[in-house]
Structures are given as C-alpha cells and as structure tokens.
Amino acid sequence: MSKSTPGLFITGTDTEVGKTRVTAMIARSLVAAGYRTGVYKPAASGCRREDKELIAADAVALWEAAGRPGTLELVCPQRFEAPVAPHLAARAEGRRLDAALLRRGIDIWRADSEIVLVEGAGGLMSPIGEQDYVADLAAEFGYPLLIVTRNALGTINQTLQTLIAAASFGTGLPVAGIVLNHPVPPAGDASLATNRSELTARCNVPILAEVAWQAEQFDVEVDWFAVGQGLP
C-alpha cells in the first residue's frame, strides 16, 4: 500500500504503556505547527456503551487532540465492548471483524490529511483479526513505527523484544524511534534512573523523547512531521 501521505504507526511494548497519550500529544504538536492531521485507530475493544452507541475512549482522545477532523466514526470504525482482542470481542457480540475495513479505513485520512497517525492495539504481535496481527497492518500501511515503552523495571527486555519483532516481521518494519513514557507515578523503582541510558546504549534506534508522569509536553521538541517522513 502506498504511503504518499506521511505518517507514523504508533505501537507499544505492551498494553497500558501510554500509546494514546503519546499519540494525542504528537497530534496536538502537529496541529499547533499548522499540519492537517489525520488520526486512525483501526479497531478498539473494551469500549463503553452509552445508550446504543459504543464509545472508544482512545479514539475520542485522538480526535479531540487532532482538532476533530472528519468524524469520530472514521477515527475508529470498528468498536467492540468486551476487553479482549477485537476479533474475539466481535465474536462475543455475534459479529465479525471486517479485515478489509481495517485496511481501507485509513484511505479517507490519507486523502484529506498532510500527515496520518495510526495507533495500533497493544503490541506488534497482538492479534487484531482471525489471521492478522497489528504488525500486518503496520507492514501494509508502510509507515515507520514509533514504539512507546514504559519507564519501569522490565522495559529494556520488552523494548528489545519489540525491536526484534519489528526487524524479523516479513521483510522488516522500519522504526523511527522510541518514546519513553511514565504511565504511573514514580515510586521506589530504582530502574527509573538508568532505563533511558540503558535503552540508548542497547537499542539501534534513537530515544526521540520522554514523557514524565502527568506531563503535558515531551521533554524535548521533536519535528514529528519530519519523523513521519522518515527523516532523521
């Protein structure tokens, strides 16, 4: 699939590492810089039900951060209630995940945006369909990966495993870099002082930014449009 419109595919080393938070921060930065920014989450489970509607909180956060482009429905066209993999959540509701829609749902954003941010579900090898993994969509969309990892004990192993998965999937998935996020309050974790330097020394991609607990901005200014273009 062509990637004529620049973009980033945001994935995580695990669930609950802060992908939505980081993606929303990038979207706000791009909008503030004047870029027409599309946001896309191919599928979401664990959605809350309001009357007859299923609301994906992640999609709402992305849509708001990008200045409400298009419609909320287009941000995440496949939403399910059960907090399990999307195809299993669909099955629990007597529905079927639409694998074709996972792929073509990005088309409207590519057509109407200057840059597109895609947020995956879970990590690269999280199932997102009967036969698809998140990595399959990342490969087909063709955007460089931005890996969000938590600053906590164990992050070195999880980050390196994600990089290995990216390098070995198909012909390899390009990785733009890593964002180190603090999703929980720092409390007695001695690894917090050394995780960044250890990741920098052991990873073959850069640590682009860090997000402190409850911070509203990255610790450094990043040209996210250039990153989405695959530029250093």
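Calculated translational diffusion coefficient of segment 175-232 (25 °C, 0.890 mPa s; Stokes-Einstein with Kirkwood radius over alpha-carbon pairs) equals 194 µm²/s. Loop-resident trypsin sites (Lys or Arg not before Pro) (DSSP state other than H, G, I, E or B) in segment 76-151 with no more than 12 further Cβ atoms inside 10 Å of their Cβ: Arg95, Arg96.
The C-alpha atoms of the chain define a longest principal axis, and helix 155-168 lies at about 60 degrees to it. For segment 24-163, the Cα gyration tensor yields ellipsoid semi-axes of 22, 21, 15 Å (square root of five times each eigenvalue, largest first, whole Å).
How high is the FRET efficiency between Ser191 and Phe169 when r is their beta carbon distance and R₀ equals 30 Å, given to the nearest 0.05?
On the way: r = 28 Å, r/R0 = 0.92.
That pair, Ser191 with Phe169, gives E of 0.60.
In order along segment 28-45, phi translates into HN-Hα couplings of 4, 5, 5, 5, 4, 7, x, 8, 6, 10, x, 10, 9, 10, x, 7, 9, 10 Hz, rounded to whole numbers, per the Karplus curve 6.51 cos²θ - 1.76 cosθ + 1.60 with θ = phi - 60° and x for Gly and Pro. Applying the criteria of a DSSP loop state and at most 16 other Cβ atoms within 10 Å to the GluC sites (Glu not before Pro) of segment 63-125 yields Glu81, Glu93, Glu114. Each of Gly230, Thr15, Gly172 was placed along the dipole of the chain (beta-carbon charges, centred on the mean Cα), and the one lying farthest toward the positive end is Gly172.
Sum up the charges of everything whose Cβ sits under 12 Å from the Cβ of Ala56, counting Lys and Arg as +1 and Asp and Glu as -1, but leave Ala56 out.
Numbers: positive: Lys41, Arg48, Arg49, Arg79; negative: Glu50, Glu53, Asp58, Glu73, Glu81, Glu119.
Combined, the nearby Lys, Arg, Asp and Glu give -2.
With the Kirkwood sum run over all distinct C-alpha pairs, segment 1-93 has a hydrodynamic radius of 14.1 Å. Taking amide H positions as modeled 1.01 Å from N, with prolines and chain starts lacking one, the residues under 5 Å from Val116 and 5 or more places away or on another chain are Gly7, Leu8, Gly38.
Under the 0.36 nm per residue contour assumption, what length would be gained going from the current alpha-carbon distance of Ala215 and Glu93 to full extension?
On the way: separation 122, 0.36 × 122 = 43.92 nm, distance 3.75 nm.
The span from Ala215 to Glu93 would gain 40.2 nm if fully extended.
Across the alpha-carbon atoms of segment 73-232, the computed radius of gyration and Dmax are 17.0, 48 angstrom.
Here, each number is a calculation from the coordinates, and none is a lab measurement. Note that the coordinates shown come from a computational prediction; the quantities given were computed from them, not determined experimentally. Here the Cβ is made from the backbone with ideal geometry for all residues, glycine too, and neighbour counts use every protein chain on show.
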